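Taking it in order: structure first as structure tokens, then the write-up.
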Amino acid sequence: MADFIERAQKAGYLDHRDYLAAFVSGEISPDLATRKVAVQSLGHLGKINASLTQIARATISGRMAHLSPEEVNIIKAARAAILQTGNEIREALRR
């Protein structure tokens, strides 16, 4: 992550999240190192998504205490955000 933040600063971005947003939106073309970070990020997003899926399955099967409707909504929102972010990164990598 430190390398990514450093590249963002070298590219003139004060906040690495702005650099990521510019990358995802296609405003900047990624160098090889940035592409590597993006691919690694996809892997991490996949692991988080898998964990959320395991929580949902454990709840449905009764192996875990039932979640409140608010907790279920949080998990659904997190999964949606993960899927959207992953799709945006994949789209940016295709360019």
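So the values come out like this:
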quantity	calculated
Residues (of a type in the set (A, V, I, L, M) and at pLDDT 85 or above) located in region 64-94	74, 75, 77, 78, 80, 81, 82, 83, 89
Restricting region 55-82 to residues that are in contact with a helix residue (DSSP H, G or I) (Cβ under 7 Å, 6 or more places away or on another chain) and not charged (D, E, K, R), the residue that is farthest from residue 40 (Cα to Cα)	66
Qualifying position, being surrounded by 12 or more Cβ atoms within 10 Å (Cβ to Cβ), of a type in the set (S, T, N, Q) and farther than 19 Å from residue 4 by Cα, among 34, 53, 85	53
Entirely in the chain, the helices (runs of 4 or more DSSP H) that have 1 or more residues that are acidic (Asp, Glu)	2-10, 16-25, 69-94
Any pair with Cβ under 6 angstrom, 6 or more apart, that starts in region 40-69 at a residue that is closer than 26 Å to residue 86 by Cα and without any contact (Cβ under 8 Å) to a residue 60 or more places away in the chain and ends at one that is of a type outside the set (Lys, Arg) and not in a helix (DSSP H, G or I)	58/64; 59/67
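The values are calculated or read from the model by the stated rules, or taken from the named source; none is laboratory data. Please read these numbers as outputs of a predicted model, since none were measured by experiment. Ideal geometry is used to build each Cβ from the backbone, glycine not excepted, and the neighbour counts take in all protein chains shown.
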